[in-house]
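The values are calculated or read from the model by the stated rules, or taken from the named source; none is laboratory data. Quantities reported herein were computed from a predicted structural model and do not represent experimental measurements. Cβ sites come from the backbone with ideal geometry, for glycine too, and all protein chains shown count toward neighbours.
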């Protein structure tokens, strides 16, 4: 046989071994390859039709190629989990060594071993078992393989949780917790888009169609009114015990209460602040700014230094999406303005409101400390500029520290950043938009009791701690602000706790999505100079009055 064919023979042998574990997958491809390389294998591949014949096929190939492999065994089981009594069919395939083989199965439940290659066994007691197959060849060499069998108290139930990839690491940790606590629950993560608006729209499509999946949806703090009125989410007051309620910061539960009913369990609290470069401000002798005037002066002074001329002075979120509302509300409130008064009269276009929006525009085009790209930036766009070391000041949510404290290349500012409350104008107080997400139960879910078990587990001390440690957002449980592991990882948590109670909520109204859309359009028109700030807010006021009157 030529050298070229010899190389192919080795490849074919390896592929055939893989086929054993892959059942029938790949047979067509192997056949096509071998036919083109060497017609001698055509009759061999035609015989490979099921698991039991694959062993003979491999041994035939190995004997032709004069290849000797160490003894190995591959075990399989169908099914690997289910309710008791659970009947499982086992199969085993041995390769290498010196045939013939003797097989022995230990089912892991203290029943006698069975000397068969492909036995069937019934598990009558709930538990997680390790089944082991041992093969002995004619030269007394042995090899073994193990399988995990889950005999459950009941049939498997799928619980689907939908949220964006921001929580990926924490979600995997929760998945492990669910598997350990409730082996019969198959916890599945459905990854959603990063955009809050896109996530909202996906939910609306599914829930309007009364889709029972996902079972758990992560909802933004401004959605309870809309979703509750539509009948899409389940009220949770009858699920939440008084003991569990007492573990939460009261304002976090209030944030997801509408018409005196609780509609979601808080997952984390969003309280944005002003991040800054401690090393740079120290070099210039600056304390962190408390007012917007101080912010502008400090940024312009630093940028005037040639060593920092290529940096951004202040990065924030100005794209046309929900995040713009959050950024704007902090400027708006920090200038002493409101959106509605206590009687839901529209006051968004007050003198103070116009001044706040004008200031946002001036940051980009007059003061020149924020780039024009701000009008296209969402959270991650702006965050990257800061953690890559290209911005002096940065407005964002509490997830930033978890990234900022990573080693390069993930962060270039480890140990060089600080966090303070957002600035304001003299005579008014700092404002932080109340954000955060919570776990809501799909009212069309077919497994509500099991869904609640997952929500309850996530909302436990250990579950919330996992989310906090891995994600860095402010937790809704009071006790976690004294957790030594959390404080060691995020010393700024004490500041976030102080901000939570005074955070500024967005309007809790069933028509909030329409309110937000109007404001996004008008605010963005001002930021991109299609309208003056006064024109934009006057138009917003007119449109909001029409909306609420309808």
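Name the residue that is nearest to residue 422 (Cα to Cα), counting only residues in segment 298-316 that are in a loop (DSSP other than H, G, I, E, B) and touching a residue at least 40 places away in the same chain (Cβ under 8 Å). By that ranking, first place goes to 316.
Of the strands (runs of 3 or more DSSP E) lying entirely inside segment 74-127, those carrying at least 3 residues that are at pLDDT 95 or above, closer than 14 Å to residue 143 by Cβ and in contact with a strand residue (DSSP E or B) (Cβ under 8 Å, 6 or more places away or on another chain) are 102-106. Could you say whether any residue in segment 248-262 is farther than 20 Å from residue 398 by Cβ and in a helix (DSSP H, G or I)? The answer is no, given that none of the residues of segment 248-262 is farther than 20 Å from residue 398 by Cβ and in a helix (DSSP H, G or I). Checking each residue in segment 402-420 for being closer than 24 Å to residue 291 by Cβ and out of contact with any helix residue (DSSP H, G or I) (no Cβ under 6 Å at 6 or more places or on another chain) picks out 419, 420. Scanning segment 242-260 turns up one or more residues that are surrounded by fewer than 16 Cβ atoms within 10 Å (Cβ to Cβ), more than 19 Å from residue 387 (Cβ to Cβ), more than 28 Å from the chain's Cα centre (by Cα) and touching a residue at least 24 places away in the same chain (Cβ under 8 Å). Output the residues belonging to segment 184-198 that are over 12 Å from the mean Cα position of the chain (by Cα) and within 19 Å of residue 221 (Cα to Cα). Passing the criteria: 195, 196, 197, 198.
Is one or more of the residues making up segment 468-485 surrounded by fewer than 19 Cβ atoms within 10 Å (Cβ to Cβ), at pLDDT below 95, closer than 30 Å to residue 361 by Cα and out of contact with any helix residue (DSSP H, G or I) (no Cβ under 6 Å at 6 or more places or on another chain)? Within segment 468-485, none of the residues are surrounded by fewer than 19 Cβ atoms within 10 Å (Cβ to Cβ), at pLDDT below 95, closer than 30 Å to residue 361 by Cα and out of contact with any helix residue (DSSP H, G or I) (no Cβ under 6 Å at 6 or more places or on another chain). Looking only at residues of segment 391-411 that are surrounded by 15 or more Cβ atoms within 10 Å (Cβ to Cβ) and in a loop (DSSP other than H, G, I, E, B), we find that the one that is nearest to the chain's Cα centre (by Cα) is 399. Flag: residue 537 matches the condition of being more than 25 Å from residue 265 (Cα to Cα), in contact (Cβ under 8 Å) with a residue 24 or more places away in the chain and either in contact with a strand residue (DSSP E or B) (Cβ under 8 Å, 6 or more places away or on another chain) or buried (at least 18 other Cβ atoms within 10 Å of the Cβ) (or both). Taking segment 317-350 as the range and being assigned to a helix (DSSP H, G or I) and either farther than 15 Å from residue 381 by Cα or in contact with a helix residue (DSSP H, G or I) (Cβ under 7 Å, 6 or more places away or on another chain) (or both) as the test, the residues that pass are 322, 323, 324, 325, 326, 328, 329, 330, 331, 332, 333, 334. Of 414, 453, all but one fail to be modelled with pLDDT of 95 or more, assigned to a loop (DSSP other than H, G, I, E, B) and either under 24 Å from the mean Cα position of the chain (by Cα) or over 26 Å from residue 206 (Cβ atoms) (or both); the exception is 414. Within segment 486-507, how many residues are surrounded by 14 or more Cβ atoms within 10 Å (Cβ to Cβ) and part of a helix (DSSP H, G or I)? Number satisfying all stated conditions: 9.
Residues in segment 428-439 that are under 15 Å from residue 331 (Cβ atoms) and either in a loop (DSSP other than H, G, I, E, B) or at pLDDT 95 or above (or both): 428, 429, 430, 431, 432. Residue 373 - would you say it is assigned by TED's automatic domain parsing to the domain that holds residue 526 and more than 30 Å from residue 467 (Cβ to Cβ)? Yes: the conditions hold for residue 373.
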